[in-house]
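Structure record follows, encoded as structure tokens.
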Amino acid sequence: MTRELPVWRSLMYVPVNVDKYVDKAHTRGADVIQLDLEDSVPPAEKERARTLVEKAAARVRRGGADVVVRINRPLSLTVRDLEHSICPDVDGIACTKIDSGSHVKLLDELVSELEDKRGMRIGHTRFLAMIETADAFGRIDEIPRASPRVVAMNIGGEDFALDCNMQPDEEVLLHPKQRMIIAARAAGVMPLGFVASVAGFGDWDKFRLMVRRSRRFGFDGAGCIHPGQVTIVNEEYTPSEEEVAYARRVIQMDKEAAAAGRGSFQIDGKMIDIPVVVRAQKLLARYEAIQQREAKTLAAAGKNQ
């Protein structure tokens with residue numbers, strides 16, 4: 001499946017009911033501000049919190065970030081959250097505890113009705129599907145294919161581990177996260193997350209190495225719970241100058257080899273054939289998309305100064 005995917009390297013959680021965090025969110029440099037109605041909002045505050053979403057979304061996107069709202073389950077809360085969250089300044093919904101393709105289709109129908117009611121383009125609102133139960137994991141291939149709104153998927157590590165009676169550590173969660181990456185790629189959506197927990201940010205060098213390792217496994221981006229994580233995540237989920245230079249070299253030499261009637265060639269003693277060339281092309285496309293994203297962010301920041 002082929003979908004137009006956004007560049008969402010860093011998705012910074014911001015509790016929508018805490019004004020001081022909302023006020024500074026646009027300065028953090030995140031690709032996405034994820035306004036949270038779920039775990040960071042206590043039950044007694046949820047009704048008030050959802051009424052804050054529309055104005056908060058306009059505030060936090062001033063720096064050029066996209067805006068995603070993380071909503072609640074059960075369905076009674078989901079419906080009320082969506083009624084306050086579907087608006088032009090909200091680009092996506094983080095759909096918690098997705099359990100099946102049918103669940104995704106139901107949410108798609110609800111959102112389409114709200115978009116139509118508000119005069120918005122049908123399909124404006126994208127979905128991040130969050131796999132957080134063992135039952136949902138058994139349907140991990142159908143979930144991202146259930147709606148073209150789905151552009152990303154992740155494993156909610158703490159909830160998933162709790163449901164499976166596992167410890168939420170890197171070793172235990174590595175297999176389900178790898179399985180999620182494969183399912184996401186097969187469906188043409190972005191796998192988001194880290195190989196380890198997002199909660200560990202006391203040692204920034206250690207955190208950077210973990211993010212770098214996560215990218216090797218195939219993640220495109222991840223949630224951030226602390227502003228200090230954003231810069232590191234953006235840097236590590238962006239191809240390095242060395243990677244870009246090497247990819248350009250591969251593509252140029254491939255053109256030269258093709259002109260000479262050869263299907264493979266070598267660089268520095270390593271054979272280069274079609275998979276390596278395609279990987280280089282994908283890396284450059286990713287890099288160019290990130291450059292466009294950063295140009296948009298700079299323009300937005302300058303406009304709002």
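Listed here are the residues, each with its yes/no results for (1) within 23 Å of W8 (Cβ to Cβ); (2) out of contact with any helix residue (DSSP H, G or I) (no Cβ under 8 Å at 6 or more places or on another chain); (3) charged (D, E, K, R).
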position	(1), (2), (3)
V53	yes, no, no
A56	yes, no, no
V60	yes, no, no
G63	yes, no, no
T78	yes, no, no
L110	yes, no, no
G119	no, yes, no
L128	yes, yes, no
P144	yes, no, no
Exercise. Any idea which residue in the range 256-296 is farthest from the chain's Cα centre (by Cα), counting only those that are of a type in the set (V, I, T) and assigned to a strand (DSSP E or B)?
Worked result: I267
For this session: Test each condition in (1) among the polar types (S, T, N, Q); (2) within 28 Å of D141 (Cβ to Cβ); (3) surrounded by fewer than 17 Cβ atoms within 10 Å (Cβ to Cβ) for Q34 and report the one that comes out false.
Result: (3)
For this session: Check whether at least one residue in the range 247-255 is free of Cβ contacts under 8 Å to residues at least 60 places away in the same chain, touching a Pro at 6+ places or on another chain (Cβ under 8 Å) and not in a strand (DSSP E or B), and report yes or no.
Result: yes
For this session: Tally the residues that are more than 13 Å from the chain's Cα centre (by Cα) and of a type outside the set (D, E, K, R), restricting the search to the range 55-73.
Result: 8
Problem set entry | Hits in the range 1-26 (condition: in contact with a helix residue (DSSP H, G or I) (Cβ under 6 Å, 6 or more places away or on another chain) and among the β-branched types (V, I, T)) | V7, V14, V16, V22
Seminar exercise, completed: Taking first residues from the range 234-245 that are within 26 Å of I33 (Cβ to Cβ) and second residues anywhere that are modelled with pLDDT of 95 or more and not in a helix (DSSP H, G or I), the pairs with Cβ under 6 Å that are 6 or more apart or on different chains are N234/R9; N234/S10; Y237/R9; Y237/G221
Problem set entry | Positions within the range 136-161 being over 14 Å from S100 (Cα atoms), at pLDDT 95 or above and surrounded by fewer than 16 Cβ atoms within 10 Å (Cβ to Cβ), in sequence order | P148
For this session: Report yes if some residue within the range 170-177 is crowded, with 19+ Cβ neighbours inside 10 Å, modelled with pLDDT of 95 or more, of a type in the set (D, E, K, R) and not in a loop (DSSP other than H, G, I, E, B); otherwise report no.
Result: yes
Exercise. Can you name the condition, by its number, that M210 falls short on among (1) closer than 22 Å to L11 by Cβ; (2) outside the structural domain of A146 (by TED's automatic domain parsing); (3) of a type in the set (A, V, I, L, M, F, W, C)?
Worked result: (2)
Exercise. Name the residues in the range 105-135 that are of a type in the set (A, V, I, L, M) and either buried (at least 22 other Cβ atoms within 10 Å of the Cβ) or in contact (Cβ under 8 Å) with a residue 60 or more places away in the chain (or both), would you?
Worked result: L107, V111, L128, A129, M130, I131
Problem set entry | Any pair with Cβ under 7 angstrom, 6 or more apart, that starts in the range 214-227 at a residue that is part of a helix (DSSP H, G or I) and ends at one that is of a type in the set (S, T, Y) and modelled with pLDDT of 95 or more | R215/Y237
Exercise. What are the residues in the range 157-211 that are within 16 Å of the chain's Cα centre (by Cα) and basic (K, R), if any?
Worked result: K177, R185
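The values are calculated or read from the model by the stated rules, or taken from the named source; none is laboratory data. This structure is a prediction, so every number in the text was calculated from the model and none was measured. Note that each Cβ is placed from the backbone with ideal geometry, even for glycine, and that neighbours are counted across all protein chains shown.
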